[in-house]
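Enquirer: Handing you this structure, nothing more for now.
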Amino acid sequence: MSNTTTETELPPAPDETAAERLSTAPVESDGPTGIGVFGWLRWTWRQLTSMRVALILLFLLSLAAIPGSLIPQNGQNQFKVETWKAQHTTVAPIYQKLQLFDVYSSIWFSAIYILLFVSLAGCIVPRTWQFVGVLRAQPPAAPRNLTRMPVYAAWRTAADADTVNAAAHRLLRRRRFRADLAGGAVAAEKGYLREVGNLLFHLSLFALLGGFGWASLASGTGGKLMVEGDGYSNTITQLDDFTGSSFYTSDDLDPFFLKLKGFTAKFQDKGDQIGAARQFTANVEYYAGDDASKLKQGTIEVNHPLDIGGSKVYLIGHGYAPVITVRNGNGDVVYTGATPFLPQDANLTSTGVVKVSDYGTGPKGTKTQLGFSGFFLPTAPVSFERTGPVSLFPGDAAPELVLNAFEGDLGTDSGLPQNIYQLNTRKMTQLTQDDQPAKARLKPGQGWTLPDGYGTVTFEGYKQWASFNVSHRPGNEIALTGAVLAILGLIGSLFVQRRRIWVRAVALPEGGTLVELAGLARSESAKIAEELAELAVDLQDDAPASEEENDDPAPADDPAPADPAVPADQNSKE
């Protein structure tokens, strides 16, 4: 007759130690050990390399990255930073002192980053060494009293004890357990992928941080705004702005040529989402290096950058550039070209300025300069009385140009840098017409005769422009690989169970053999009970249970006989 027993007592100290060995996590200390400075240093190191502190640092790093997502960063778009500062003059100086415009290179972000890096390194090295030791060692020998294990089964058989142990060893090996037959018992262990997953997660997180660190030390970004038909070579003199790093300067820029052939912008023109962007595509020509014969065609879309050499070119902005021609009083062309206007709202109401620094001699017989400021409206309203100069739709359904005219000194000859999108009117006077500020509302092809004989302005038409971010970040691939492997490692550590099984067959003095099976796992999952039941059923082929109930060698504290194929599980409520 077969029978199964359970034991409600807690396992003795040796069994608790065996259970703890199912994990390779380093033992944490509750307080300082040793005396003096060395003891405190050792305690500090243990705290820094503990999982608890690593999780706290990871959480702090996530919090520290939030300002970098909400506040414009110098390394990404310096123009947006300057615009944000102009709009928030009160808090901008405070943010500047706190390095909130350079979050990822700030002292406080770097401190958290380095501490997390050291914490992971101090955790990975001993954990890996300990895991290697576990792999090299044999599974722990069977405890003296297997009835104290959480899952236990036993029965009596007429088979020889050595035969039963050999059969159990063979069955466990077939189930891909690491099994060791010694001392009249079989010790088996499985689920090492759980610790492999843990180590892979830590190593991948280490690689992820390393990739970000390498990217911050050897990366650079540049900005370039181009009107349709324009091109540029990737040099510091032709970039609008550039932010380098310790190991990537303006001398390290990837050589290539890029030209904007055309830009396609489509917007939804009906429905609830009227005006929503549906397509932004920059059609470009490019070649890497200095060989123009290798010219290629390409497209750049939002979140779909173009790879050229070791850099990625991202599309980050779009707008309109009115084509304006200015003639002086003698009819000579003193300015002509497409001038980018910057969008101010979702409907691409755009503002911009035109600076005519080479106007020459004005009607008063003195050298002067002209300046124009105004709006470009892709879809202008019929009247400005209710809405003012705003666009009603981002597409170019009814384009108009609104201009104001100034004469005087632009300040461009002073040698001081100026913002090309702003007009300094401190030394200029607005032209007047009929005792009112001179202004005009022009459609493509229309002209405006300036008052007082200053010449004419013609709105020839308009082009589209696109702004690009040229990014060189060599650590992105490392960081991406680390992130993917970290997810795989986390899945392994969560779903793979580390468990142990012991089988002991002992010859009884009155004849026959007592077969005992026991299992131990770190979790409360029923998988260990299922595996033990399957093993018991398979072992019946070599060690069938005796049919004589009186010969049952169940321990005295056995509550009730049971089927050997269904081991007892103390975690079960049944």
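Enquirer: Rounded to whole Å and sorted largest first, list the principal axis extents of the Cα atoms in segment 114-211.
Expert: Here the Cα extents, ordered largest to smallest, are 65, 27, 20 Å.
Enquirer: Near Tyr287, within a Cβ-to-Cβ distance under 15 Å, what is the net charge of the other residues, with Lys and Arg +1 and Asp and Glu -1?
Expert: With Lys, Arg at +1 and Asp, Glu at -1, the neighbours total -1.
Enquirer: With only alpha-carbon atoms in the gyration tensor, what are the semi-axes of the equivalent ellipsoid for the chain, in Å, largest first?
Expert: So the equivalent ellipsoid measures 80, 25, 21 Å along its semi-axes.
Enquirer: Any idea of the accessible area per residue across the chain, 1.4 Å probe, to the nearest Å²?
Expert: Solvent-accessible surface per residue comes out at 53 Å².
Enquirer: For a quick protection proxy, order the peptides 274-283, 364-373, 428-437 by their average other-Cβ count within 10 Å, most packed first.
Expert: 364-373, 274-283, 428-437
Enquirer: For the pairs Lys80/Lys261; Lys261/Lys355; Lys190/Lys527; Lys261/Lys439; Lys439/Lys463, note any where the Cα-Cα span goes beyond 24 Å.
Expert: As for pairs spanning more than 24 Å Cα to Cα, those are Lys80/Lys261; Lys261/Lys355; Lys261/Lys439.
Enquirer: Normalised radius of gyration for segment 481-543, please: alpha carbon Rg relative to 2.2 N^0.38 Å, two decimal places.
Expert: Normalised by 2.2 N^0.38 Å, the Cα Rg of segment 481-543 equals 1.69.
Enquirer: Here is a further query. At 27 Å minimum axial length over the Cα atoms and a Kyte-Doolittle cut of 0.5, report the qualifying DSSP H helices in the chain, or say none.
Expert: Those that pass (Cα extent of 27 Å or more, hydropathy at least 0.5) are 107-136, 193-217, 476-495.
Enquirer: With a sphere of radius 13 Å drawn around the Cβ of Arg327, what net charge do the other residues whose Cβ falls strictly inside it have (Lys, Arg +1; Asp, Glu -1)?
Expert: Local charge sum for Arg327: -3.
Enquirer: For segment 384-431, which GluC sites (Glu not before Pro) are in a loop by DSSP, counting at most 16 other Cβ atoms within 10 Å?
Expert: Answer in residue order: Glu385.
The values are calculated or read from the model by the stated rules, or taken from the named source; none is laboratory data. Worth saying up front: this structure is predicted, and the values here are computed from it rather than measured. Please note: Cβ atoms are built from the backbone with ideal geometry, for glycine as well, and neighbour counts cover all protein chains shown. Heads up: the accessible areas ignore ligands, DNA and RNA and are worked out on the full protein's heavy atoms, side chains in. Shrake-Rupley method; radii C 1.70, N 1.55, O 1.52, S 1.80 Å.
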